[in-house]
Amino acid sequence: MSRLWVLLAAAALDWLLGDPAWMPHPIRLMGWTISRLETGLRRLFPRTPGGELLAGGVLVLTMVLLFGGGSLLLLAALYALSPAAGTAAEVWLSYQLLAARCLRDESMAVYRALTGRSLMDAQRAVGRIVGRDTQCLDRDGVTRAAVETVAENTSDGVIAPLFWLALGGLPLGMVYKAVNTMDSMVGYVNDRYRYFGTAAAKLDDVLNYIPARLSAWLMIAGAWLIGMDGKNAKKIYLRDRRKHASPNSAQTEAVMAGALDIRLAGDAWYFGELHKKPYIGDPIRKVEIEDIIRSHKLMYAGTVLSLVVFGLVRVLVCVFI
């Protein structure tokens, strides 16, 4: 039951505090470590497909051991010193693996720029939370990009970390975020990362496979509960959930598109190169900037339901095992 209370306290801290820029953060440390390791591994291994595949595998193994194993040793030491110190550290570090408040705040910056009629500011704001090129997006394109990133990160940044924290505590949560951070930094199919990022991208697909689908169904249930179009959310999910190169990314995007009765995805530019992508959802109505606010409501609905489900599972485990 202690893990359940850690989970609830971590979620509460995320909703209250978010990610202040002044606060030391394990994800920033992960990003710094990945950059340093990449530089060293590229010098150590040959610049061949096989060499880069091996270097990328060493990167993944090193990050998992550093952050998963490191957090396990840290908690063991702190709990041995004092249960209160161990619990406080586990709550604090678990909270920093969640991104609901940060995701809301960053996408609200896009919303405010759009309501202030500053397209350039909106392009810059959305560029901080998406990987695509944003300088050519119109107002509708900026809005769709913000909604899409809220949809995808409802799983990657909120429900998936909660899933792994509920399953294996802070060490497993750290492993998940380390892999997810590697995927966001090196998991690109381009000349630089085609081979080096393969191990990170594949492992990220594996770790997100169950959470992405669980997130989708929780968001469908959430759409019903908060008065969105739950019927269409389920319809579009079942139809469009595979319309992405990643096996996981379209899962929650499809639900979001269906719940809002809009069309998402489509072609996008990355690093100056056009990527052809299918649309997700139907254009039942035109996208509007208020859809950013609606995406937040669906994100929080799915998150609350995930805490309920994970909490019930933990209670049942404690009662019957």
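The values are calculated or read from the model by the stated rules, or taken from the named source; none is laboratory data. Worth saying up front: this structure is predicted, and the values here are computed from it rather than measured. With ideal geometry, Cβ positions are generated from the backbone for all residues, glycine too; neighbour counts draw on all protein chains shown. Heads up: the accessible areas ignore ligands, DNA and RNA and are worked out on the full protein's heavy atoms, side chains in. Shrake-Rupley method; radii C 1.70, N 1.55, O 1.52, S 1.80 Å.
Name every residue in the stretch 17-34 that is assigned to a helix (DSSP H, G or I) and either open to solvent by less than 40 Å² (accessible area, probe 1.4 Å) or closer than 20 Å to ALA100 by Cα (or both), in order of residue number. It would help to see each step written out before you state the result.
So the first thing to find is which residues in the stretch 17-34 are assigned to a helix (DSSP H, G or I), and the list is 17, 26-34.
The answer is LEU17, PRO26, ILE27, ARG28, LEU29, MET30, GLY31, THR33, ILE34.
Screening VAL309 on (1) farther than 28 Å from ASP183 by Cα; (2) in contact (Cβ under 8 Å) with a residue 40 or more places away in the chain shows it passes everything except condition (1).
Residues in the stretch 218-234 that are open to solvent by 20 Å² or more (accessible area, probe 1.4 Å) and more than 19 Å from SER155 (Cβ to Cβ): GLY227, ASP229, LYS231.
The residues of the stretch 199-248 that are under 22 Å from GLY168 (Cβ atoms) and of a type in the set (Phe, Trp, Tyr), listed by number, are TYR209, TRP217.
When residues in the stretch 235-261 are screened for being surrounded by 15 or more Cβ atoms within 10 Å (Cβ to Cβ), without any contact (Cβ under 8 Å) to a residue 40 or more places away in the chain and not small (Gly, Ala, Ser), 6 of them pass. Taking every residue in the stretch 203-219 that is hydrophobic (A, V, I, L, M, F, W, C) and pairing it with any residue that is crowded, with 24+ Cβ neighbours inside 10 Å and outside any helix (DSSP H, G or I), at least 6 positions away or on another chain, the pairs with Cβ-Cβ distances below 9 Å are ALA212/ASN248. What are the residues in the stretch 50-70 that are touching a residue at least 60 places away in the same chain (Cβ under 8 Å), under 16 Å from TYR195 (Cα atoms) and open to solvent by 70 Å² or more (accessible area, probe 1.4 Å), if any? Once the filter is applied, which keeps residues that are touching a residue at least 60 places away in the same chain (Cβ under 8 Å), under 16 Å from TYR195 (Cα atoms) and open to solvent by 70 Å² or more (accessible area, probe 1.4 Å), the stretch 50-70 yields only LEU53.
Residues that are closer than 30 Å to LEU167 by Cβ and basic (Lys, Arg): does the stretch 270-286 have at least one? Within the stretch 270-286, none of the residues are closer than 30 Å to LEU167 by Cβ and basic (Lys, Arg). Could you grab me the full set of residues in the stretch 63-109 that are closer than 19 Å to VAL130 by Cα, part of a helix (DSSP H, G or I) and not polar (S, T, N, Q)? If the condition is that a residue be closer than 19 Å to VAL130 by Cα, part of a helix (DSSP H, G or I) and not polar (S, T, N, Q), then ALA100, ARG101, CYS102, LEU103, ARG104, ASP105, GLU106, MET108, ALA109 are the ones that fit.
Quick grid of which residues meet (1) in contact with an Asp or Glu (Cβ under 6 Å, 6 or more places away or on another chain); (2) polar (S, T, N, Q); (3) part of a loop (DSSP other than H, G, I, E, B); (4) crowded, with 24+ Cβ neighbours inside 10 Å:
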site	(1), (2), (3), (4)
ALA178	no, no, no, yes
THR181	no, yes, no, no
TYR188	no, no, yes, no
PHE196	yes, no, yes, yes
TYR209	no, no, no, no
ALA216	no, no, no, yes
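For the stretch 1-16, indicate whether the set of residues that are over 21 Å from TRP164 (Cβ atoms) and either crowded, with 17+ Cβ neighbours inside 10 Å or in contact (Cβ under 8 Å) with a residue 40 or more places away in the chain (or both) is non-empty.
Residues of the stretch 1-16 that are over 21 Å from TRP164 (Cβ atoms), as a first pass: 16.
Next, from what is left, pick out any that are either crowded, with 17+ Cβ neighbours inside 10 Å or in contact (Cβ under 8 Å) with a residue 40 or more places away in the chain (or both): 16.
For the stretch 1-16, residues over 21 Å from TRP164 (Cβ atoms) and either crowded, with 17+ Cβ neighbours inside 10 Å or in contact (Cβ under 8 Å) with a residue 40 or more places away in the chain (or both): present.
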